[in-house]
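The values are calculated or read from the model by the stated rules, or taken from the named source; none is laboratory data. All of these numbers come straight from a predicted model, not from anything done at the bench. In this analysis, Cβ positions are derived from the backbone assuming ideal geometry, glycine residues included, and neighbour counts consider all displayed protein chains.
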Amino acid sequence: MATGKLKIKKYDFSKIERKWQKIWASQKTHQPNLDGSENPFYNLMMFPYPSAEGLHAGNMYAFTGADVYGRFQRMNGKDVFEPIGLDGFGIHSENYALKIGTHPLKLSKISEKRYYKQLKSIGNSYAWDSKVETYDPEYYKWTQWLFLQLYKKGLAYKKKASVNWCPKCLTVLADEQVIGGECERCGSKVEKKELEQWFFKITDYAEKLLSNLESLDWSERVKIAQRNWIGKSSGLVFSSPVKDTDLVIETFSAHFEAYCADTFVAIAPDHYLLPKLLDGVQNRDAILKKVADMLKKRGDQGYSTTNEVEGVFTGRYIIDPVGNGELPIWIASYALADYGTGIVKCSAHDERDFAFAKKYGIKLKPVLFPEDPEQKKKVMNLEYCFSDMTSGILSEPLEFSGRVAGEIREAIADYAVAKGLAKRETKFKLRDWLISRQRYWGPPIPIIYCDKCGTVPVPEKDLPVKLPNVKDFRPTGTGHSPLASVKSFVNVSCPVCKAPAQRETDVSDTFLDSAWYFFRYLDNENKNEPFSKLRASKWLPVDMYIGGAEHSVLHLLYTRFITMVMNDIGLIDFEEPFKKFRAHGLIIKDGAKMSKSKGNVINPDEYIKRFGSDVLRTYLMFLAPFEQGGDFQDGGIVGVVRFLERVWRLGSRINNQESKISNDVNTQKLLHKTIKKVTKDIENLSYNTAISSLMILLNALEKEDSASKQTFESFIKLLNPFAPHISHELWSGLGNKSVLDQEEWPKFDKNKLEEHIVKIAIQVNGKTRAVLEMEATSDDGAIESEAKNMPDIKKWLEGKSVKKVIHVKGKIINFVV
RNA sequence: GCUGGGGUGGCGGAAUUGGUAGACGCGAUGGACUCAAAAUCCAUUGUCCGCAAGGAUGUGAGAGUUCGAGUCUCUCCCUCAGCACCA
């Protein structure tokens with residue numbers, strides 16, 4: 001047995017933690033061989049944006065949870081690659097720079113130092129040689145290169161569009177960055193603005209982005225969020241001539257079952273066909289005035305979604321192709337120009353249409369009814385809007401009269417198509433990704449405008465288009481980036497004809513930087529390619545990705561899209577970047593969201609200083625299920641402090657004891673039970689219950705005083721993912737020369753788990769009245785008669801006859817009397 | 001409004017997926033050690049009745065299925081998160 005290097009001394013966490021962090025760094029314990037790995041496992045966590053005053057508890061929580069998983073995989077024989085970096089380009093960091101009045105370039109150097117120091121103090125098993133920063137010219141060179149690849153493929157285009165404008169950040173935002181009508185970053189109410197902007201054609205990939213979700217092992221809530229965002233619906237498109245004009249308009253309907261109910265048409269106020277439609281209409285100007293008002297209202301405060309509708313009659317009618325006659329065309333506030341065809345046929349079976357028609361006295365004609373006669377009468381009298389296609393019964397068309405609409409949806413579609421009334425079509429809610437930003441701190445979009453040659457991409461050999469170091473980096477609010485006033489940047493010669501030309505001055509969205517960072521980790525010094533294809537084929541797709549659910553439709557959608565494009569241009573041979581993704585929960589403090597105004601923000605540095613990283617890590621993982629998130633209470637930490645101190649003391653005791661300690665059967669059974677449970681729990685990210693079973697094992701080891709060195713070593717291994725520093729120290733203190741992280745995860749022995757004595761709950765009428773302990777091998781009859789004769793049972797059975805006996809082997813016997 | 005979580009002691013949270021509810025931890029109470037305190041250790045700790053033995057009751061509310069329901073079904077309430085005029 002090893003002899004006492006490890007005296008019973010105080011557990012000096014700060015010394016021990018620093019010691020091991022140094023050893024891991026100098027020995028490069030966690031840097032896998034990216035070229036020669038046999039058993040690669042890419043363990044990725046979402047890299048932070050260094051936007052605020054350092055890492056916060058939420059980062060710490062996410063990163064620890066991911067690191068526990070990585071350390072576990074490493075001990076299970078995987079070559080784990082766990083890189084980290086900084087998503088330091090973009091609006092997040094720039095807003096922080098503006099706030100404290102420091103140039104982002106300077107700030108990036110400061111936060112780099114600070115973040116990496118903090119990240120080291122957590123003690124995660126990062127591959128430090130592989131870090132990347134998105135603002136490094138050697139990084140954004142390839143971000144720009146990616147833009148050019150999309151441009152070449154026809155997936156990047158510029159168009160004038162009504163876009164989301166944040167009046168505080170003074171830039172446009174992608175739809176995904178508008179949360180409930182507000183800016184994702186600053187919470188300002190977003191306005192609409194007509195601007196010429198660069199877009200990525202993510203809509204070309206809508207179908208693939210949706211269907212691939214099926215095969216991904218991702219948190220279900222994230223998949224659902226993506227499905228909803230992509231918003232596929234299939235339906236019919238009807239073409240209708242407009243009376244007294246030569247126009248033909250198309251309308252899209254996903255709920256076409258009740259098409260015989262259509263009595264009017266709604267067109268979006270900003271629809272491109274509207275001016276044409278109004279040509280020759282008498283009160284054209286008055287209508288356009290009203291339309292302008294509606295658009296202004298929609299842009300400024302928006303219409304509330306609860307049936308607040310507004311509209312104006314165009315004076316035009318369609319001649320309905322399906323035989324509903326001449327239907328008036330109304331301009332309606334709720335009609336959206338960029339969904340479907342921007343024009344809808346309306347009926348009594350849609351809540352908004354119904355409310356609109358009621359408000360303006362438009363005729364309605366119900367054809368879909370509930371089964372209940374009384375309700376049917378109400379629908380007939382237009383007392384309320386009935387829109388339930390799954391249970392509603394149709395009265396028209398006559399061919400389908402009396403049938404439940406939902407059941408014959410396909411038949412109706414076939415019928416309409418066959419009669420030449422409509423064609424089938426699929427529509428998506430997903431819009432193209434707006435990537436222009438009128439800001440300073442981002443990769444300039446690598447495009448040059450030449451009077452003669454038009455839009456010219458920057459030749460790849462000229463990348464990166466370096467971001468000039470300008471003094472005044474503040475956003476201008478003019479719709480142009482601050483770069484627009486930097487003459488030396490703007491004025492270039494055209495790469496094609498050499499004539500004077502101008503650069504694009506917008507920079508690209510931060511989410512483009514982060515859409516491909518995990519490729520760059522693999523090869524962060526490569527000057528000739530964005531990454532090494534060889535390494536990518538070995539390490540990608542990512543085996544496990546852990547991050548926040550708030551990126552369900554931002555980062556996680558964009559990065560899938562970019563990966564699909566990379567696949568299409570032959571860079572890689574897979575479509576999906578992350579095999580497995582798990583969203584962690586949110587940490588709150590004492591039952592409330594953390595916020596500076598409440599003064600309940602957790603500063604991880606303070607806790608690490610006071611208790612050590614192991615304690616903070618273990619407490620964070622213990623306080624709640626990782627995927628659910630939970631309540632951080634200072635009071636709860638002492639439990640973990642005591643736990644680790646007891647581990648320390650037990651370790652010291654074992655080391656100083658003679659080898660007389662027995663290998664008690666019960667202890668062995670518990671050990672193997674614990675191995676089984678901890679292994680399964682970590683696989684499922686049920687870290688809280690894994691830790692609690694470690695506590696149970698420790699309690700037993702202390703009490704029984706029967707821990708052998710081997711048993712304790714197994715315990716230390718199980719503890720290592722959560723509290724790596726103390727575990728490493730104890731491991732080496734026991735005389736082991738190896739580094740614990742490179743040791744093998746304990747395996748449980750099935751034979752040791754077998755229970756020889758079983759406890760059976762004895763119930764009478766379903767109420768537990770006694771517990772019987774029996775040999776596991778006893779036969780059913782013997783157990784039952786034994787149970788019947790127990791005094792606690794006998795008194796309940798007295799004077800009654802047992803009608804039935806339910807016997808669940810090894811668990812329960814229930815006498816029904 | 002729609003979608004998806006969730007509601008269990010004083011608190012954070014367990015429960016083998018229909019089988020002894022409250023694991024583990026915090027807190028609390030009592031005790032040991034100490035001149036004393038801290039730390040540590042031991043015991044108790046859902047609620048109600050009872051000196052006790054024991055009993056009753058108990059997982060947001062109400063019904064139901066079952067020998068047996070925190071777990072399944074229906075109705076309702078509350079709460080968190082995401083989406084929100086998507087035809």
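Only residues in the range A:412-430 that are of a type outside the set (A, V, I, L, M) count as the first member; pair them with residues that are more than 13 Å from RNA strand B (Cβ to nearest atom), Cβ under 7 angstrom, at least 6 apart or cross-chain, and list the lot.
A:415/A:399; A:423/A:417; A:424/A:417
Does residue A:332 satisfy the criteria of being buried (at least 17 other Cβ atoms within 10 Å of the Cβ) and either within 11 Å of RNA strand B (Cβ to nearest atom) or not acidic (Asp, Glu) (or both)?
Values: buried (at least 17 other Cβ atoms within 10 Å of the Cβ): yes; either within 11 Å of RNA strand B (Cβ to nearest atom) or not acidic (Asp, Glu) (or both): yes.
Against the criterion (buried (at least 17 other Cβ atoms within 10 Å of the Cβ) and either within 11 Å of RNA strand B (Cβ to nearest atom) or not acidic (Asp, Glu) (or both)), residue A:332 qualifies.
Select the helices (runs of 4 or more DSSP H) contained entirely in the range A:74-189, then report the ones holding at least 2 residues which are β-branched (Val, Ile, Thr). Can you show your working first?
Working: elements: A:91-100, A:104-122, A:137-152.
In the range A:74-189, A:91-100, A:104-122 are the helices (runs of 4 or more DSSP H) which contain 2 or more residues that are β-branched (Val, Ile, Thr).
Have a look at A:752, A:737, A:709, A:747 and point out the one that is without any contact (Cβ under 8 Å) to a residue 12 or more places away in the chain and out of contact with any strand residue (DSSP E or B) (no Cβ under 7 Å at 6 or more places or on another chain). Before the answer, list the steps.
Working: A:752 fails: without any contact (Cβ under 8 Å) to a residue 12 or more places away in the chain; A:709 fails: without any contact (Cβ under 8 Å) to a residue 12 or more places away in the chain; A:747 fails: without any contact (Cβ under 8 Å) to a residue 12 or more places away in the chain.
Just one listed residue meets the conditions, A:737.
Mind telling me which of the residues A:234, A:130, A:240 ends up being away from RNA strand B (no atom under 16 Å from the Cβ) and either within 22 Å of the chain's Cα centre (by Cα) or more than 30 Å from residue A:480 (Cα to Cα) (or both)? Outline the logic, then answer.
Details: A:234 fails: away from RNA strand B (no atom under 16 Å from the Cβ); A:240 fails: away from RNA strand B (no atom under 16 Å from the Cβ).
Only one candidate passes the filter, namely A:130.
Among the residues of the range A:196-221, write down those that are within 14 Å of RNA strand B (Cβ to nearest atom) and either out of contact with any helix residue (DSSP H, G or I) (no Cβ under 6 Å at 6 or more places or on another chain) or among the aromatic types (Phe, Trp, Tyr) (or both). Walk me through how you get there before you give the answer.
First, pick out the residues of the range A:196-221 that are within 14 Å of RNA strand B (Cβ to nearest atom): A:203, A:206, A:210, A:213, A:218-221.
Across the range A:196-221, the qualifying residues are A:203, A:218, A:219, A:220, A:221.
Going by what's in this entry, would residue A:117 be described as under 30 Å from residue A:690 (Cβ atoms), in contact with a Gly (Cβ under 8 Å, 6 or more places away or on another chain) and either buried (at least 20 other Cβ atoms within 10 Å of the Cβ) or charged (D, E, K, R) (or both)? Spell out how you get there, then give the answer.
Numbers: under 30 Å from residue A:690 (Cβ atoms): yes; in contact with a Gly (Cβ under 8 Å, 6 or more places away or on another chain): no; either buried (at least 20 other Cβ atoms within 10 Å of the Cβ) or charged (D, E, K, R) (or both): yes.
Against the criterion (under 30 Å from residue A:690 (Cβ atoms), in contact with a Gly (Cβ under 8 Å, 6 or more places away or on another chain) and either buried (at least 20 other Cβ atoms within 10 Å of the Cβ) or charged (D, E, K, R) (or both)), residue A:117 does not qualify.
Could you run through the range A:358-380 and say how many residues are away from RNA strand B (no atom under 13 Å from the Cβ) and under 20 Å from residue A:317 (Cβ atoms)?
Going through the range A:358-380 one residue at a time, the tally reaches 6.
Can you confirm whether the range A:299-311 contains a residue that is within 15 Å of RNA strand B (Cβ to nearest atom), out of contact with any Leu (no Cβ under 9 Å at 6 or more places or on another chain), part of a helix (DSSP H, G or I) and not acidic (Asp, Glu)?
Yes - at least one qualifying residue is present in the range A:299-311.
Tell me, please, whether a residue that is over 21 Å from residue A:683 (Cβ atoms) and either assigned to a helix (DSSP H, G or I) or in contact with a Pro (Cβ under 8 Å, 6 or more places away or on another chain) (or both) can be found in the range A:622-633. First the steps, then the outcome.
Step one: of the range A:622-633, the residues over 21 Å from residue A:683 (Cβ atoms) are A:631-633.
Next cut, either assigned to a helix (DSSP H, G or I) or in contact with a Pro (Cβ under 8 Å, 6 or more places away or on another chain) (or both) only: none.
Scanning the range A:622-633 turns up no residue that is over 21 Å from residue A:683 (Cβ atoms) and either assigned to a helix (DSSP H, G or I) or in contact with a Pro (Cβ under 8 Å, 6 or more places away or on another chain) (or both).
Considering the range A:240-285 alone, what residues qualify as being in a helix (DSSP H, G or I) and touching a residue at least 60 places away in the same chain (Cβ under 8 Å)?
So in the range A:240-285, the residues in a helix (DSSP H, G or I) come out as A:256-261, A:274-278, A:284-285.
Correct list: A:256, A:257, A:258, A:259, A:260, A:261.
I want to confirm something. Restricting to the range A:72-114 and keeping residues that are over 25 Å from the mean Cα position of the chain (by Cα) and of a type in the set (Val, Ile, Thr), which single residue is surrounded by the most Cβ atoms within 10 Å (Cβ to Cβ)?
Only one residue tops the list, namely A:102.
Check off (1) more than 15 Å from RNA strand B (Cβ to nearest atom); (2) among the hydrophobic types (A, V, I, L, M, F, W, C); (3) farther than 26 Å from residue A:541 by Cβ for residue A:183 and give me the number that stays unchecked.
Exception for residue A:183: condition (1).
State yes or no: is residue A:585 at pLDDT below 95 and more than 27 Å from the chain's Cα centre (by Cα)?
Working: at pLDDT below 95: yes; more than 27 Å from the chain's Cα centre (by Cα): no.
When the stated conditions are applied, residue A:585 does not pass them.
Residue A:455: assigned to a strand (DSSP E or B) and under 27 Å from residue A:177 (Cα atoms), yes or no? I'd like the intermediate steps shown before the answer.
Values: assigned to a strand (DSSP E or B): yes; under 27 Å from residue A:177 (Cα atoms): no.
So residue A:455 fails the test.
Taking the range A:788-817 as the search range and keeping residues that are assigned to a loop (DSSP other than H, G, I, E, B) and within 13 Å of RNA strand B (Cβ to nearest atom), which one is nearest to residue A:755 (Cα to Cα)?
Taking the range A:788-817 first, the residues assigned to a loop (DSSP other than H, G, I, E, B) are A:789-790, A:798-803, A:809-811, A:817.
Checking the rest, the ones that are also within 13 Å of RNA strand B (Cβ to nearest atom) come to A:790, A:798, A:802-803, A:809-811, A:817.
Details: A:790: 23, A:798: 33, A:802: 30, A:803: 31, A:809: 13, A:810: 10, A:811: 12, A:817: 31 Å.
It comes out as A:810.
Give the range A:255-288 a look and list any residue that's under 37 Å from the mean Cα position of the chain (by Cα) and farther than 18 Å from residue A:356 by Cβ, or say none.
A:256, A:257, A:272
So residue A:618 ticks every box in (1) among the hydroxyl-bearing types (Ser, Thr, Tyr); (2) modelled with pLDDT of 95 or more; (3) more than 26 Å from residue A:54 (Cβ to Cβ) but one. Which box is left unticked?
(3)
Any chance you could count how many residues in the range A:544-570 are assigned to a helix (DSSP H, G or I) and either within 8 Å of the chain's Cα centre (by Cα) or not polar (S, T, N, Q) (or both)?
Taking the range A:544-570 first, the residues assigned to a helix (DSSP H, G or I) are A:549-551, A:555-568.
From what's left, either within 8 Å of the chain's Cα centre (by Cα) or not polar (S, T, N, Q) (or both): A:549-551, A:555-558, A:560-562, A:564-566, A:568.
Total meeting the criteria: 14.
Determine which member of the set A:740, A:697 is under 38 Å from the mean Cα position of the chain (by Cα) and over 22 Å from residue A:613 (Cβ atoms).
Values: A:740 fails: over 22 Å from residue A:613 (Cβ atoms).
Step by step, each of A:740, A:697 is checked, and only A:697 is under 38 Å from the mean Cα position of the chain (by Cα) and over 22 Å from residue A:613 (Cβ atoms).
Quickly run through the range A:760-787 and pick out the residues that are out of contact with any strand residue (DSSP E or B) (no Cβ under 7 Å at 6 or more places or on another chain) and more than 13 Å from RNA strand B (Cβ to nearest atom).
Here is the first cut: in the range A:760-787, the ones out of contact with any strand residue (DSSP E or B) (no Cβ under 7 Å at 6 or more places or on another chain) are A:767, A:777-779, A:781-782, A:785.
A:777, A:778, A:779, A:781, A:782, A:785, listed by residue number.
Could you check the range A:471-506 and list, in sequence order, the residues that are buried (at least 16 other Cβ atoms within 10 Å of the Cβ) and part of a loop (DSSP other than H, G, I, E, B)?
Hits for the range A:471-506 are A:473, A:475, A:476, A:479, A:481, A:486, A:494, A:495, A:504, A:505, A:506.
For the range A:542-558, name all the residues that are within 30 Å of residue A:178 (Cβ to Cβ), more than 16 Å from RNA strand B (Cβ to nearest atom) and surrounded by fewer than 24 Cβ atoms within 10 Å (Cβ to Cβ).
Residues of the range A:542-558 within 30 Å of residue A:178 (Cβ to Cβ): A:542, A:545-558.
From what is left, the residues that are more than 16 Å from RNA strand B (Cβ to nearest atom) are A:542, A:545-546.
Hits for the range A:542-558 are A:542, A:545.
Conditions tested, residue by residue: (1) more than 25 Å from residue A:12 (Cβ to Cβ); (2) surrounded by 17 or more Cβ atoms within 10 Å (Cβ to Cβ).
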{"position": "A:699", "(1), (2)": "no, no"}
{"position": "A:711", "(1), (2)": "yes, yes"}
{"position": "A:741", "(1), (2)": "no, yes"}
{"position": "A:748", "(1), (2)": "yes, yes"}
{"position": "A:755", "(1), (2)": "yes, no"}
{"position": "A:760", "(1), (2)": "yes, yes"}
{"position": "A:765", "(1), (2)": "yes, no"}
{"position": "A:770", "(1), (2)": "yes, yes"}
{"position": "A:775", "(1), (2)": "yes, no"}
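Show the residue pairs meeting these rules: Cβ distance below 7 Å; 6+ apart or different chains; first residue within the range A:341-359 and at positive phi; second residue in a loop (DSSP other than H, G, I, E, B) and within 9 Å of RNA strand B (Cβ to nearest atom).
Correct list of pairs: A:342/A:268; A:342/A:271; A:342/A:335; A:342/A:336.
Take the residues in the range A:629-644 that are buried (at least 16 other Cβ atoms within 10 Å of the Cβ) and not small (Gly, Ala, Ser), then tell me which one is modelled with the lowest pLDDT.
Going through the qualifying residues, I end up with A:632.
Among all residue pairs at least 6 apart or on different chains, which show Cβ distances below 7 Å where the first residue, located in the range A:383-404, is under 15 Å from residue A:373 (Cα atoms) and the second is among the aromatic types (Phe, Trp, Tyr) and in a helix (DSSP H, G or I)?
As it stands, the answer is A:394/A:400, since those pairs meet every condition given.
I'd like the full set of residues that are of a type in the set (Phe, Trp, Tyr) and either surrounded by 22 or more Cβ atoms within 10 Å (Cβ to Cβ) or within 12 Å of RNA strand B (Cβ to nearest atom) (or both), limited to the range A:599-627. So that I can check it myself, show each step before the final result.
Of the range A:599-627, the ones of a type in the set (Phe, Trp, Tyr) are A:607, A:611, A:619, A:622, A:626.
Listed by number, the residues that qualify are A:619, A:622, A:626.
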